[in-house]
Each structure stands twice: as structure tokens, then as C-alpha cells.
Number of protein chains: 4
Amino acid sequence: MSRVVAVTGTRAGRPRDPRAHAAILAAVRDLLTTVGYERLTIEAVAAQAHVGKQTVYRWWPAKSALVAEAALAGYLAMPRTDSDPTGDLVADVRAWIVDAYGRLADPATVALIRGLAAAAADRDSDADLLYAQITRPSRDQLVTRLAAGVTHGQVDPATDLGVVADTLAGAVLYRVLARRPPPTADDVENLVTLVTAGVGRRTPGGAAHAGDTGR
Amino acid sequence: MSRVVAVTGTRAGRPRDPRAHAAILAAVRDLLTTVGYERLTIEAVAAQAHVGKQTVYRWWPAKSALVAEAALAGYLAMPRTDSDPTGDLVADVRAWIVDAYGRLADPATVALIRGLAAAAADRDSDADLLYAQITRPSRDQLVTRLAAGVTHGQVDPATDLGVVADTLAGAVLYRVLARRPPPTADDVENLVTLVTAGVGRRTPGGAAHAGDTGR
Amino acid sequence: MSRVVAVTGTRAGRPRDPRAHAAILAAVRDLLTTVGYERLTIEAVAAQAHVGKQTVYRWWPAKSALVAEAALAGYLAMPRTDSDPTGDLVADVRAWIVDAYGRLADPATVALIRGLAAAAADRDSDADLLYAQITRPSRDQLVTRLAAGVTHGQVDPATDLGVVADTLAGAVLYRVLARRPPPTADDVENLVTLVTAGVGRRTPGGAAHAGDTGR
Amino acid sequence: MSRVVAVTGTRAGRPRDPRAHAAILAAVRDLLTTVGYERLTIEAVAAQAHVGKQTVYRWWPAKSALVAEAALAGYLAMPRTDSDPTGDLVADVRAWIVDAYGRLADPATVALIRGLAAAAADRDSDADLLYAQITRPSRDQLVTRLAAGVTHGQVDPATDLGVVADTLAGAVLYRVLARRPPPTADDVENLVTLVTAGVGRRTPGGAAHAGDTGR
DNA sequence: GCATAAACGAGACGGTACGTCCCGTCTTTGA
DNA sequence: TCAAAGACGGGACGTACCGTCTCGTTTATGC
């Protein structure tokens with residue numbers, strides 16, 4: 001019957017069980033890989049995690065949020081962190097592209113990305129947050145490499161590196177969603193060429209390059 | 001998506017009612033716009049179209065097929081057909097990009113694209129078909145313009161135009177799915193620069209970029 | 001798409017399946033007997049009847065309604081119809097009481113009566129209807145016998161037979177609900193005496209009998 | 001219903017809070033009146049009493065026990081204790097009946113009785129205990145009055161007063177559960193007649209009624 | 001014409017999952 | 001040790017849709 005509220009910040013009541021939390025996210029990842037986003041049900045998640053449905057609903061408002069957190073909680077294969085920029089722009093861009101497509105060899109990663117795409121379609125509020133989270137680490141890595149290119153004089157300083165990174169990330173995502181076959185070595189090389197040429201130093205005052213003069 | 005009718009003679013029985021067919025597709029488009037793919041139900045489609053559920057199931061096997069046909073049956077805003085290549089590569093690419101983003105001003109178009117993305121995530125079988133249908137008209141138009149660029153000597157003949165078109169389409173699709181704000185004039189210009197520079201004539205025999213020559 | 005309404009009274013759509021209807025009521029009776037009203041769940045009813053939950057909810061608004069119909073649909077053991085009034089008031093009343101208590105030997109009957117009591121507690125609207133249905137056949141039979149008693153001059157014509165019948169029915173119901181042990185022969189005899197004496201011919205103008213004079 | 005406390009010395013630890021105890025019972029009575037037994041939940045009781053659920057479960061094993069104690073802890077309107085037998089059998093019986101029905105004017109009393117009936121239906125173990133507790137004070141009072149009638153020669157000494165009292169109590173309970181409208185003055189009078197006549201002095205050695213005497 | 005056949009609106013069917021409520025238990029902080 | 005708070009695994013609730021299955025009705029072909 002005491003109505004005194006604790007002064008300290010720790011709330012009364014049983015604290016959240018981290019094991020349940022982790023089991024739920026693991027179940028989401030498994031089910032996403034096996035049955036896909038549309039056929040993933042919260043009922044199945046709870047069952048597989050040996051958890052009451054209410055425990056899921058207590059912490060996540062919707063299936064999309066669940067998938068989002070599962071993806072962001074370290075279950076999404078991340079870019080290799082050990083490949084630092086070499087200073088060779090072409091090699092660096094090629095390495096990034098190869099790495100990005102390479103990670104798509106893991107079915108769980110592909111399933112998570114597709115799930116996130118579907119989740120984003122369901123969550124107006126933070127769709128761009130979700131996409132940012134998916135692509136940011138990769139994107140930042142690419143931006144770093146391009147910035148090194150600027151330093152080495154291989155990349156035009158006027159280039160908006162963000163636009164380049166987003167475009168490349170979009171191209172990769174597109175292949176995943178459209179379920180295109182993995183790119184061939186030629187495809188990769190063409191993409192490398194497009195990007196490296198596209199960001200190369202340009203004559204001041206003109207948006208186009210030497211080809212313009214051939215007109 | 002609808003059942004193929006035998007070429008040899010018309011079968012007996014009441015023929016398919018085209019009014020019901022159209023009403024269903026219209027209901028799909030409306031519901032996609034208002035509630036989105038995930039919350040679109042066949043029950044609601046049938047109710048809104050004043051049609052029995054069986055009439056829907058008779059002609060479409062799944063929700064994704066319904067959405068696909070709704071998108072392909074003229075409900076998806078198509079690229080303007082009246083803008084022929086001018087021969088000015090920069091202007092042509094810019095026109096294409098502006099046109100592509102411009103069509104996204106229609107909420108119904110955006111809803112259909114998102115719906116198709118979700119449907120494709122659910123249907124391995126025809127994901128690339130769906131994406132091809134969404135992006136092909138646009139994509140072909142861009143390829144045509146780039147090919148004109150080749151003719152005019154503005155585009156390197158070695159360029160794989162398909163890769164360029166896919167990359168640009170992916171970048172646009174990415175912005176739609178991620179619900180990014182509409183691109184600014186600067187964004188567009190940066191994208192134009194990236195692409196036009198990327199496809200420009202290069203020194204033969206090398207993947208090296210324009211910057212190489214300027215050094 | 002035709003909007004013409006049929007002239008006939010038969011509604012469109014698939015008609016109600018009487019087999020599902022019967023299976024549900026049978027399941028209710030079984031479960032009522034085995035687990036009792038409180039632990040009877042609609043989920044279990046549907047499962048046992050091999051029926052979808054919605055089919056139950058489509059026709060019955062609540063568990064209480066379900067139990068009510070199960071009881072009234074012939075699943076409640078009824079009074080023997082072959083025992084006509086003999087004209088001997090004491091024998092007739094005794095026969096009625098013995099019969100009433102005898103029917104309580106069937107566990108299903110007892111379970112149904114208890115379930116109806118609980119259901120009536122849940123259904124303000126028609127609790128007295130429910131009780132009337134439970135007790136009416138018995139009650140009417142008793143009223144018939146007492147009426148014969150009036151004809152034979154054994155029962156005071158001023159007696160409100162309904163009050164008598166309700167009182168006796170209430171006494172029986174009370175024993176069921178209170179789970180009293182079955183009445184002994186003496187109990188029955190005492191009850192017979194109470195009633196037969198209570199309805200006996202009285203001197204006109206007075207509510208009480210000879211005992212009054214002792215005052 | 002609450003746990004028995006050892007007589008030998010007070011145990012260590014915080015003593016039971018009587019305010020919580022009382023608040024719980026009050027909440028039970030309120031909820032029983034407002035929502036009824038079926039929709040009364042322990043969760044709601046705890047919330048309304050500003051008490052933790054565990055505090056309820058610590059002292060009461062089940063909803064029925066809670067309702068039982070609420071009824072017995074002075075929340076059930078009791079018979080008036082100031083009306084002693086006058087020696088006038090008819091007046092005494094009439095007073096008892098009027099008093100019994102009069103107490104049913106209080107909605108909380110009616111709700112408690114209905115709740116107890118439902119609880120008893122759910123708990124084989126103490127159904128008769130519950131009923132005894134509800135009806136005993138009333139019942140005993142009636143037996144006392146009838147016993148006075150025996151003394152005054154108005155009641156046949158062979159009468160089993162318990163059977164009479166139970167029958168009358170059952171009749172009253174029946175009206176409550178069946179939600180019959182309050183009895184009219186005529187109904188009361190008829191019931192008084194039935195009982196007073198039924199228990200009146202009879203000719204020795206026969207179960208026959210007053211009418212037998214040919215009067 | 002008149003049978004046959006298919007499509008139609010309607011809606012009941014056996015099911016699955018939804019998101020919520022409550023069960024009875026457990027685990028924390030605080031008195 | 002009791003109490004308030006509140007998370008936990010679990011079960012049932014009543015609802016929404018799924019995809020299927022009758023119904024009566026409508027609209028065509030073909031005998």
C-alpha cells in the first residue's frame with residue numbers, strides 16, 4: 001500500500017530478461033532466413049524463442065521493428081574492416097564492390113536485407129533510418145576510400161561523395177531485391193570503370209570531360 | 001496474369017466480366033495507395049470492388065500477382081514518350097533523371113512501386129520479371145539516349161550501357177524505398193556529372209580514368 | 001457485378017451447415033460434463049467439434065448463450081412423461097419429487113444445470129428465460145398434478161399453484177447448486193408432507209388452519 | 001479464507017498490512033457489483049486496491065475464495081437481528097420472508113450472492129460451505145421462529161424444520177439467480193400460506209393434510 | 001427454345017495469426 | 001518478511017483474413 005516513489009533511477013519490478021531478448025532476435029533471424037519476411041509470424045518467433053507472445057509485443061510494436069532490430073543487432077554481415085584504402089582508387093573501388101557483393105553470398109544476409117526492404121515499406125516513419133543502417137557502414141567505407149582519392153588527386157574535389165556512395169549502394173541493393181544473378185567479373189569491371197571515370201578530375205568550369213571537345 | 005483463353009473457339013458459359021476485372025485492379029491501386037502492400041487484403045479488394053472473393057481468386061493466384069497486374073495494367077505512371085534524345089548527352093541524362101523523379105510525385109505510383117518491391121520480396125519466381133517491368137521502359141529510354149551518345153562520340157563505345165542504366169535505376173529505386181526526400185537540383189546535377197563523366201571517352205586499352213591524363 | 005436482389009426469401013451465400021451446428025452443441029455438452037462451465041473454453045469447443053472458432057462466434061455471442069442452447073436443445077434430461085396424475089395427491093407429489101431428484105443422478109444433467117446457473121449469472125437479459133426453460137417442463141407437470149388435486153377436493157382452490165411449483169423447483173435447484181448429498185427417504189417424506197399440508201383445503205377467509213385457534 | 005497465523009508468538013518480518021487486506025475485499029465487492037463474477041479478474045482487483053498481484057495471491061488461492069471472503073467479511077447484508085419471534089407464526093414467517101427479499105434490494109448483496117453461486121459452481125470442495133454461510137444466519141433465524149411455533153402449538157412437532165428452512169431459502173435464492181422481479185404482496189402471502197399451512201399440526205400418525213379432516 | 005456451362009455476388013466453412021487480456025510465478029527495489 | 005512493481009511463459013480471447021466450398025442467379029454457347 002506504500003505509494004512512495006523511489007528516488008533512484010532504478011525502476012521497481014522485475015528487470016527485463018536479456019536472454020529472452022536475445023532469443024527473440026535469434027529466432028527472427030532464423031525464421032527470416034527460412035521462411036522470409038511475409039511468412040514470418042510473431043507467433044512462430046515466440047514459439048521458437050520459447051517466450052510468451054506478450055514478451056515480444058511488450059518490446060516491439062510490430063513485425064517490422066522486430067526485423068529491423070534483428071538486422072541491426074549484429075546479425076547483418078558487415079563489411080570487412082581490415083581492408084584499408086591503398087591509395088589506388090581503381091583497386092579500392094573494385095575491392096569495395098567485390099566485398100559488397102561477396103557478403104551477399106550469405107543467405108541470411110540476403111534474407112535480412114529483403115526483410116528490411118519489406119519492413120521499410122511498412123514503416124513510413126523510419127524507412128530511411130533502416131536503409132541508412134543497412135548501407136551506412138558500407139557506405140562510409142566507400143566514402144573514406146573516395147576521400148583518399150581526393151587526397152591523392154585522383155578524385156575531383158568538387159565531387160559529392162555522398163551521391164556516389166548512395167548510387168553504388170542503390171545499385172547493389174537493386175540487384176538483391178530484383179534477385180539478379182551475381183555480377184560477373186565483367187560487370188564488376190564495368191561498374192568500377194563507371195565510377196572511377198565518373199569521379200575523376202574534370203576541367204574546371206565544365207561538367208563534362210575531354211569527350212566534350214570531340215563534338 | 002489472367003488465365004489464357006484457348007485460341008480455338010470460345011468456350012461455353014458466361015464470359016468474364018471486364019467491369020469486375022477493372023474494378024478489382026482499381027481497388028488494388030486505391031488500397032495500395034491508402035494502406036500499403038502489407039495491409040492490403042484480398043477481402044478488402046473484393047469488398048471495395050463489389051465483387052465476390054471467388055472472382056478474385058479465379059483470376060489471380062496471390063496478392064503479389066494482383067499487385068503486379070495492377071502495376072502493369074496502365075496504373076503505373078510511365079516515362080514521357082515525347083522526349084526524344086537531343087544529342088546533348090548531359091541534357092539527355094538530366095532530362096531522364098528529372099523525368100524519373102518527377103513521376104514519383106504521384107503517390108499512387110510510389111505506392112505501386114513499393115508494393116511491387118514487397119511482392120517481389122515474397123515471390124522468388126517473378127521478382128526479376130517484376131523489376132524488369134517496372135524499370136524496363138525507363139531503362140530502355142536511357143539506353144537509347146546513351147546509345148545516341150555513342151553515335152555522337154560523347155560516350156565511350158566500350159561502355160556497357162546496361163550496367164549504367166541499371167545503376168541509375170537502382171539509385172532511383174533506392175530513394176523511393178528508403179523514402180528519401182526528393183533530390184535537390186544539386187543532387188541531380190551531381191548525379192548527371194557522375195554518369196556523364198563515367199561514360200565519357202577514355203584512352204584506349206585502359207580502365208584508367210580521366211584523372212590519369214590530367215596528372 | 002449484378003446488383004439484382006433475389007425476390008425470394010432465401011438469402012444468398014452458402015447456407016448454414018447443420019452438422020457443424022450439432023457438433024458444436026455436442027462438444028459443449030461433453031465439455032460441460034468433463035471440465036465444468038468455468039473451464040469450458042470456446043477454443044476447446046471448436047477444436048472438439050472440428051470447427052473453426054469463427055463458426056462458433058458467428059452464431060453465438062458468448063459462452064453463456066452456447067451453454068444455454070446446448071441445454072435447451074434436448075441435451076437436458078427431461079421429466080418422465082409417462083407418469084400421469086393418479087388422483088392421489090400425496091403419491092403424485094412424492095412421485096414428482098422422486099423423479100426430479102432421480103434425474104440428477106445423471107452427471108451430464110447436473111453439469112448442465114450448474115452451467116446454466118453460471119450462464120444465467122452472466123446474462124442479465126434472459127436469465128429468467130433460462131431458468132424457466134430448465135424448470136418449466138418439470139414445473140408444468142407438477143402444476144398439472146396439483147390441479148388434479150383441486151379437482152378431487154384435496155387442494156384448496158385458492159392456492160397459487162405457481163408459487164408452490166416455483167418453491168419446490170427452487171428447493172431442488174438449491175440442492176444441486178449447493179451440492180448437497182442426495183435427499184434421504186425421510187427428507188423426501190418431509191418435503192411431501194410440507195407441500196401437501198401446505199396446499200390443503202383451508203377454512204374460507206383465513207390464511208391459516210386449525211393451529212390458529214390455539215393462539 | 002486467509003492463511004492461518006501461528007498462535008505461538010509473532011513471526012519475524014513485516015507484518016501483514018490490514019489496509020491492503022481490506023482494500024482488496026472492498027475492490028472485490030465493487031467489481032462484483034459492477035462487472036459480475038465472470039468478468040471479475042484478480043488483475044483488476046489488485047489494480048483497484050492499489051496492491052501488487054502477489055499480495056492477493058499470497059492470501060487467497062483463487063477468485064472463488066476471494067469472493068467467498070468478501071461475502072463473509074461483513075459485505076453481505078445480514079438479516080435484521082432485532083426482530084425476535086413474536087409468537088404469531090404467520091406474522092413471524094411473513095416477517096422473515098419480507099426481510100429476506102428486502103435485503104435483495106441492495107445491488108451489492110445481489111451481486112455477492114450471484115458471485116457466490118458462480119464460485120460454488122466452480123468449486124466442488126466448498127460449495128456447501130459457501131451456501132451454508134450465505135443462508136445459515138437467515139436459515140437459523142427462521143428455524144428459531146418455527147421452533148417457537150412448536151412451543152406455541154402452532155407447528156406440528158414432527159416437522160423437520162431444517163427441510164422447511166432449506167426449501168424457503170431455496171425459493172428465495174431461486175428468485176435471485178433467475179432474476180425474477182421482486183415478489184408482489186400476493187406472492188408473499190401465498191408463500192406464507194403455503195409454509196404456515198404446511199407445518200401446521202396434523203392428526204397423529206398420518207402424513208395426510210388438513211383437508212383430510214373433512215373440514 | 002432449352003439444356004449445358006461458366007462466371008458472378010454472397011457468404012459459411014475449417015483454419016491460422018493477430019494483438020490483447022489475464023493467469024499464476026518470479027525477481028527486483030524499498031519499507 | 002511483506003509489499004508494490006512489473007517482466008516472465010503460457011493460454012484463451014474475440015477478430016480479421018486466408019483460400020475453399022456451396023448457394024441462387026446471370027449470361028453466354030450449342031443442340
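Matching residues to (1) at negative phi; (2) within 8 Å of another protein chain (Cβ to nearest Cβ); (3) crowded, with 16+ Cβ neighbours inside 10 Å:
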| position | (1), (2), (3) |
| --- | --- |
| A:Leu116 | yes, no, yes |
| A:Tyr131 | yes, yes, yes |
| A:Ser138 | yes, no, yes |
| A:Ala147 | yes, no, no |
| A:Asp156 | yes, yes, yes |
| A:Leu161 | yes, no, yes |
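Determine whether the range B:179-198 contains at least one residue that is at pLDDT below 85, closer than 15 Å to A:Leu89 by Cα and at the interface with chain A (Cβ under 7 Å from one of its Cβ atoms). No, the range B:179-198 has no match at all. Of all residues in the range C:70-78, none satisfies being crowded, with 16+ Cβ neighbours inside 10 Å, more than 10 Å from every other protein chain (Cβ to nearest Cβ), modelled with pLDDT of 90 or more and within 16 Å of DNA strand F (Cβ to nearest atom).
Filtered by the rule that a residue be acidic (Asp, Glu) and at pLDDT 80 or above, the range A:81-121 gives A:Asp88, A:Asp92, A:Asp99, A:Asp106. When restricted to residues that are over 14 Å from the mean Cα position of the chain (by Cα) and at pLDDT 85 or above, the range A:122-173 contains 22. Highlighted here are the helices (runs of 4 or more DSSP H) found entirely within the range B:30-75 that include at least 1 residues which are within 21 Å of B:Arg179 (Cα to Cα) and free of Cβ contacts under 8 Å to residues at least 60 places away in the same chain: B:63-70.
When the range B:7-39 is limited to residues that are of a type in the set (Val, Ile, Thr) and farther than 18 Å from B:Tyr57 by Cβ, the one that is farthest from DNA strand F (Cβ to nearest atom) turns out to be B:Thr33.
The values are calculated or read from the model by the stated rules, or taken from the named source; none is laboratory data. Not measured: the values here are computed from a predicted model. With ideal geometry, Cβ positions are generated from the backbone for all residues, glycine too; neighbour counts draw on all protein chains shown.
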